[in-house]
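The values are calculated or read from the model by the stated rules, or taken from the named source; none is laboratory data. The structure displayed is predicted, hence computed values, not measured ones. For neighbour counting, all protein chains shown are included, and Cβ atoms are generated from backbone atoms with ideal geometry for every residue, glycine included. Accessible surface is based on the protein model in full, side chains and every heavy atom, while ligands, DNA and RNA are left aside. Shrake-Rupley method; radii C 1.70, N 1.55, O 1.52, S 1.80 Å.
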Amino acid sequence: MAEKRGSSITRISFLCLFLTTTVMFVLTSTSRPGVFDRKSVHAEKLLTVFNNGDSQTTNQSNVESSNGSNRAILVDDERKSVEGGFQLSCNGNLKEPLKIYMYDLDPEFHFGLLGWKPQGNEIWPDIRTRIPPYPGALNSQHSIEYWLTLDLLASEFSENPNTRQAIRVKNSSEADLIFVPFFSSLSYNRHSKVIPPSKKSKNVELQSKLVQFLRNQKEWKVSGGRNHVVLAHHPNSMLTARMQLWPAIFVLSDFGRYPTNVANVEKDVIAPYKHIIKSYVNDSSDFDSRKTLLFFQGAIYRKDGGFARQELFYLLKDEKDVHFSFGSVQNNGIRKASHGMHSSKFCLNIAGDTPSSNRLFDAIASHCVPVIISDEIELPYEDVLNYSEFCIFVRASDAIKKGYLMNRIRSITKEEWTRMWEKLKQVEPLFEFQYPSKEGDAVQMIWQSLAHKVPGVKMKINKSRRFSRFVTRKRRGLRIIPPKDFW
């Protein structure tokens, strides 16, 4: 009996201990917000993860971003953690800005092309007091080198440089990339004519000087030029230098006039044009208020891949609710195009002399759904942005079939168009060039695209050093063309 009584007491003791522990655990879990209190989760600032623009949480009210990337961002910017001067990303890794070493080129390569006159030994204008303006109209569409250079100069005066996508560093050994500040598009637009008694244009002379300068720099010799960033956004810019600077990362508008072993998606970066027409601020239009169904205004007869333009002109010129006409910047052409795009549902972007044009980015700024007919086009940020959410793609061979294009356009419902229109308003900031640059604008997105190239560049530089100590001779006067499988 004593053994049974002792056994009962032991069981009762264990039961009491279990009950006491359970009660304490429940009291503890309910006294502070945690994973068991779902209501308390909504009271906290949420970490919102975007995948192709769709949030994986239900609280999106305070989110102001849509670049379509698989990035995690905090709903409240003030919640971003900064420790020891470095920004923490959502996965706990330190996030540092891209470190850029920019050559102090003579002003004749950059702001001197804008008429800026340096005082004494000045190389750069003091952008805190005056910023040399960039010419407007068609010149401005290829002005990316201007905006990127300004952003690097501004990073030197930033109160918190680690909040930026890119910063300028003074020591090239610290840099991720080497930036070449040559305003090549402006040089082509303004200085391509040969002025006697000179036998070469100023544009060609500047390119020759640039190639000679770069080949003499230790930074180029060490990397073979692979970590250099060369801007050649105008399709005709850097025509004489591109074949000599091919190891560098080119920032281009498209690959239409480049052999694939000189420029390609793996090695280089595609950047947007700066749109020319006015942005549609406070757009309150809708499907019904935009009376024109399909809009195109521009050059109709083009060479190379632009044959589809004239074919489409003859197919569409008599179609109801379609505006398809010749246009230029003259005679208020920009103002007329702005009005036309702002009042149209769909805007045609057809390949011309090259696969791309700024018409796509004019359409985005107008919230006019782009219809892209350009089989060889490459698009900015397409590794993080799904263009099919706000653009219509049609193969050129299909577009020139009688009735095909209009049937495709008319089949899109009001609801489908409205979804694309809403998406256009979300992505529009990603294509805006401005100074000072803002988070998520075109300047910051280009830096982000360049940052994606860094690991591959470093791997190729390291590979090139495997047998470098056995190289004893320096080849001179030899023009080397990369093999097709070089990259």
Only one of 309, 359 is of a type outside the set (Gly, Ala, Ser), in contact (Cβ under 8 Å) with a residue 60 or more places away in the chain and in contact with a Gly (Cβ under 8 Å, 6 or more places away or on another chain), namely 359
Just the residues that are surrounded by fewer than 21 Cβ atoms within 10 Å (Cβ to Cβ), part of a loop (DSSP other than H, G, I, E, B) and out of contact with any helix residue (DSSP H, G or I) (no Cβ under 6 Å at 6 or more places or on another chain), please, taken from region 277-297. 281, 282, 283, 284, 285, 286, 288, 289, 291
Name the residues in region 413-447 that are among the β-branched types (Val, Ile, Thr) and either in contact (Cβ under 8 Å) with a residue 60 or more places away in the chain or closer than 30 Å to residue 145 by Cβ (or both), would you? 418, 427, 443, 446
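Would you point out the residue of region 452-468, among those that are aliphatic (A, V, I, L, M) and more than 21 Å from the chain's Cα centre (by Cα), that is most open to solvent (accessible area, probe 1.4 Å)?
We begin by selecting, within region 452-468, every residue aliphatic (A, V, I, L, M); these are 454, 457, 459, 461.
Then keep just the ones that are more than 21 Å from the chain's Cα centre (by Cα); that gives 459, 461.
Values: 459: 100, 461: 14 Å².
So, considering only residues that are aliphatic (A, V, I, L, M) and more than 21 Å from the chain's Cα centre (by Cα), the one most open to solvent (accessible area, probe 1.4 Å) is 459.
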Can you tell me which residue in region 69-121 is modelled with the lowest pLDDT, limited to those that are open to solvent by 70 Å² or more (accessible area, probe 1.4 Å), in a loop (DSSP other than H, G, I, E, B) and of a type in the set (Asp, Glu)? 96
Given the structure, is residue 401 in a helix (DSSP H, G or I) and farther than 30 Å from residue 260 by Cα? no
Which residue is most open to solvent (accessible area, probe 1.4 Å), if the candidates are limited to region 416-440 and must be polar (S, T, N, Q) and assigned to a helix (DSSP H, G or I)? 426
Take residue 449 and decide whether it is at pLDDT below 95 and surrounded by 14 or more Cβ atoms within 10 Å (Cβ to Cβ). no
Residue selected from region 387-415 under the condition open to solvent by less than 70 Å² (accessible area, probe 1.4 Å) and of a type in the set (Asp, Glu), by the criterion farthest from residue 361 (Cα to Cα): 398
Tell me which residues, restricted to region 188-215, are open to solvent by 60 Å² or more (accessible area, probe 1.4 Å) and assigned to a loop (DSSP other than H, G, I, E, B). 193, 194, 195, 196, 197, 199, 200
